[in-house]
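The values are calculated or read from the model by the stated rules, or taken from the named source; none is laboratory data. In this text the structure is predicted, and so the values were computed from the model without any measurement. All Cβ positions, glycine included, derive from the backbone under ideal geometry; neighbour counts span all protein chains shown.
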Amino acid sequence: MKAKKHLGQNFLHDEGVINNIVKIIRPKVGEKIIEIGPGHGAITQYIQASEADLHLIELDNDLIPVLTEKFGAAANVQIHHMDALQLKLTQGPYKVVGNLPYNISTPLLINMLYQSSQINNMVFMLQKEVVQRICAAPGEKNFGRLSVMLQHQFDCSAHLVIKPEAFNPPPKIDSQIVQLTRKEEVTKVSLPALEALVKQAFQQRRKTIRNNLKKQVTVTQLEAVGIDPSQRPETITVAQFEALTNVIEAEKS
Ligand code: SAM
């Protein structure tokens, strides 16, 4: 079957890499796992064998019969022919895993964030550059919108880098595994308000936080959470973005 570029299809064929991914996923008997984009089932077969309670989310019409033939008879597998961006989680907590189609990785991560009370753990293969952004610390050049949004709710750790040769067809870039574990204590904050603030804060990275947020925030509000108005956005911590969102929201009401 020819890989479909518009569905981000790069299928894993390197058994060593597949084993390493499964080790990071660590599926357990009865655990609720959602796999996004199972493809031909390269990772799926090992998760299924672990007797986890497995839900497969695949959009490609042509792959549904392939998955049904391989896993349709397994009592612990349910196949859902749907767009992962439309997922609404209700029976969690889930572990969400997948070698994600790179073209939907950012909207998918944001969708998962909004449903994070249903998730305790995520293990994804993404473009290496995206993983570096997710896991970056304040002050690092990759620290930005994705880092703040995901680190607000998850502890992030970057794992092995995977070379293009592990896939068929090979992508043009390196990939990397990221593990996101939901924090035991997540600071209470309005997620849409945090998302809007962070988007504006990083609008122009070379500008100061004061200039980027001129229309939304006063100097007094910045200083109230310990931010110097002349700081660049990438030097501001996740806790400061959370606190700033709460100050703005409190003063609105
Ligand atoms: N897991 C397989 C592997 O590692 O070999 C396939 C990974 S491939 C990078 C991405 C998979 O996601 C493909 O099977 C593709 O059809 C599927 N996909 C693409 N867009 C999707 C979407 N919006 N919702 C669900 N699955 C999608």
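For segment 43-51, the count of residues that are part of a loop (DSSP other than H, G, I, E, B) and farther than 27 Å from residue 169 by Cα is at least one. The lone criterion from (1) within 14 Å of the ligand (Cβ to nearest atom); (2) free of Cβ contacts under 8 Å to residues at least 24 places away in the same chain; (3) closer than 14 Å to residue 77 by Cβ left unmet by residue 5 is number (3). If you scan segment 124-169, which residues turn out to be in contact with a Ser or Thr (Cβ under 9 Å, 6 or more places away or on another chain) and among the small types (Gly, Ala, Ser)? 136, 137, 139, 157, 166, listed by residue number. Restricting segment 41-50 to residues that are of a type in the set (A, V, I, L, M) and within 11 Å of the ligand (Cβ to nearest atom) leaves a set whose member that is surrounded by the fewest Cβ atoms within 10 Å (Cβ to Cβ) is 42.
Mind telling me which of the residues 27, 38 ends up being near the ligand (Cβ under 8 Å from one of its atoms), at negative phi and not in a helix (DSSP H, G or I)?
Values: 27 fails: near the ligand (Cβ under 8 Å from one of its atoms).
Residue meeting the stated conditions: 38.
Only one of the listed residues (60, 53) is assigned by TED's automatic domain parsing to the domain that holds residue 177, over 24 Å from residue 126 (Cβ atoms) and surrounded by 13 or more Cβ atoms within 10 Å (Cβ to Cβ). That residue is 53.
Of the numbered criteria (1) near the ligand (Cβ under 8 Å from one of its atoms); (2) surrounded by 20 or more Cβ atoms within 10 Å (Cβ to Cβ); (3) more than 28 Å from residue 90 (Cα to Cα), the one residue 18 fails is (2).
Could you please find all residues in segment 87-106 being within 8 Å of the ligand (Cβ to nearest atom) and not in a loop (DSSP other than H, G, I, E, B)?
98, 99, 102, 103, 104
Condition test on residue 102, is it within 18 Å of residue 169 (Cβ to Cβ) and among the hydroxyl-bearing types (Ser, Thr, Tyr)? Yes, satisfied.
The set of residues in segment 14-32 being hydrophobic (A, V, I, L, M, F, W, C) and farther than 15 Å from residue 125 by Cβ consists of 29 alone.
Counting only residues that are acidic (Asp, Glu), surrounded by fewer than 21 Cβ atoms within 10 Å (Cβ to Cβ) and in contact (Cβ under 8 Å) with a residue 40 or more places away in the chain, give me the helices (runs of 4 or more DSSP H) lying completely in segment 107-217 with at least 1 of them. Result: 128-135, 191-201.
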